1. Can you name the number of the only condition in (1) part of a helix (DSSP H, G or I); (2) surrounded by 15 or more Cβ atoms within 10 Å (Cβ to Cβ); (3) among the basic types (K, R) that R20 fails?
2. Looking at (1) more than 29 Å from P198 (Cβ to Cβ); (2) exposed (fewer than 12 other Cβ atoms within 10 Å of the Cβ), which one does D145 not meet, given that it meets all the others?
3. I'd like the full set of residues that are within 24 Å of the chain's Cα centre (by Cα) and β-branched (V, I, T), limited to the range 187-245.
4. If we keep just the residues of the range 68-97 that are outside any helix (DSSP H, G or I) and modelled with pLDDT under 90, which is farthest from the chain's Cα centre (by Cα)?
5. Any chance the range 154-165 includes a residue that's surrounded by fewer than 12 Cβ atoms within 10 Å (Cβ to Cβ), in contact with a helix residue (DSSP H, G or I) (Cβ under 7 Å, 6 or more places away or on another chain) and touching a residue at least 24 places away in the same chain (Cβ under 8 Å)?
6. Consider Y133 carefully, then state whether it is out of contact with any Leu (no Cβ under 6 Å at 6 or more places or on another chain), of a type in the set (F, W, Y) and not in a helix (DSSP H, G or I).
7. Which is within 14 Å of the chain's Cα centre (by Cα), under 24 Å from P189 (Cα atoms) and not basic (K, R), of Y133, Y105?
8. Output the qualifying pairs, or none if there are none: Cβ atoms under 7 angstrom, residues six or more apart or on different chains, first residue in the range 230-247 and part of a helix (DSSP H, G or I), second residue surrounded by 10 or more Cβ atoms within 10 Å (Cβ to Cβ).
Amino acid sequence: MYKEHPVFEKPENENAKIWRYMDFTKYVSLLDKSALFFPRADKLGDPFEGSFPRGNVMLRPITYKDVPKDALSSLSQFYKAFGRFTAISCWHLNEYESAAMWKLYLKSNEGIAIQSTFRHLKSSFIDENHIIYIGQVKYIDYEKDLLSREGSLIPFVHKRKSFEHEQELRAVIQSFIYKKNGEINWSKPPFKDGLHVPVKLDSLIDKIYLAPTCPEWLLELVRSVTGRYGLNKEILPSALDVARPLY
C-alpha cells in the first residue's frame with residue numbers, strides 16, 4: 001500500500017503526468033500479471049544506487065559521535081547492503097512524451113509507453129504486503145552536496161546530476177526476511193531480481209502510446225492484446241510521429 005514519507009518530495013500537482021517506457025514483452029507481462037515489476041536496486045546498473053555523498057561519510061564521526069568506533073567502521077557496509085533489499089519502480093515525470101526516454105529504454109521501435117499521473121499511480125497499488133513510498137529524485141553532486149539526513153531509504157531518491165535529464169519519480173519498497181529471533185536475515189534478500197507488485201491496471205493507465213516509427217502490425221497487436229485483457233484504454237501513435245515540421 002502507498003504511504004507518504006516525511007522526506008520524499010512529491011509533485012506539486014497530484015495530476016502531474018508520468019510515463020513508463022517498456023518493450024512489448026514487458027507490457028504483456030504487466031497485463032498478464034496485473035502487476036508492476038520493481039527491479040532490485042542493485043540490479044539497476046548504477047553503482048551509485050543507495051550510496052551517500054562524500055561529505056556525509058566524512059562527517060559520520062561527528063554525526064554518530066555516540067556510536068562505538070568498531071560499529072562506525074562497518075556503517076558503510078551496512079548501508080551498502082540495503083540495495084539488495086530495496087526494489088524500485090522508475091517513472092519519467094513530464095507533461096510530454098520524451099524522445100530521450102524512448103532511446104534510453106528501448107533497443108528498437110517495438111515498444112510502448114504507459115502514461116499515468118502521480119495520483120493514479122499511488123491509488124493503483126493493491127499490495128497489502130509492502131509499504132510503498134513515492135518521491136521525486138533529487139540530483140546532486142556527490143563530491144560537494146550533503147543529504148540532510150541519513151537513513152536506509154533516503155539515498156534511493158538521490159542520483160548524480162548527470163542523470164538529471166531523466167526527471168525521475170520513484171516508487172520504492174524495502175523488504176526483509178526475519179530470523180526467529182526477530183533479527184533481519186542479511187544473507188537472504190526477499191527477492192532475487194525484483195518483485196511484481198499488484199496494481200489496478202484500469203486505475204493506473206490513462207493512455208498507451210506506441211514508440212516512434214513503430215510498425216503498423218505492432219499497433220494492431222497492442223490493440224488486440226490490450227482488448228483481450230479487458231483493458232479499454234486509448235492507444236495512440238507517438239506524438240513524435242504525428243507532429244509535422246513547417247517551413
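1. For R20, the exception is condition (1).
2. The failed condition is (2).
3. Within the range 187-245, V197, V199, I205, I208, V222, T226, I235 meet the criteria.
4. The first filter runs over the range 68-97 and keeps only residues outside any helix (DSSP H, G or I), leaving 68, 74, 86-97.
From the residues that got through so far, the ones that are modelled with pLDDT under 90 too are 68, 74.
On the way: P68: 36, S74: 28 Å.
In this case the residue turns out to be P68.
5. Checked the range 154-165: no residue is surrounded by fewer than 12 Cβ atoms within 10 Å (Cβ to Cβ), in contact with a helix residue (DSSP H, G or I) (Cβ under 7 Å, 6 or more places away or on another chain) and touching a residue at least 24 places away in the same chain (Cβ under 8 Å).
6. Values: out of contact with any Leu (no Cβ under 6 Å at 6 or more places or on another chain): yes; of a type in the set (F, W, Y): yes; not in a helix (DSSP H, G or I): yes.
Spelling it out, Y133 is indeed out of contact with any Leu (no Cβ under 6 Å at 6 or more places or on another chain), of a type in the set (F, W, Y) and not in a helix (DSSP H, G or I).
7. Numbers: Y105 fails: under 24 Å from P189 (Cα atoms).
That would be Y133, the only listed residue that is within 14 Å of the chain's Cα centre (by Cα), under 24 Å from P189 (Cα atoms) and not basic (K, R).
8. Matching pairs, first to second residue: A239/E97; L240/E97; L240/A99; L240/P212; D241/P212; D241/T213.
The values are calculated or read from the model by the stated rules, or taken from the named source; none is laboratory data. Bear in mind the structure is a predicted one, so any value in this text is a computation, not a measurement. Glycine gets a Cβ as well: all are built from the backbone with ideal geometry, and neighbour counts include every protein chain shown.
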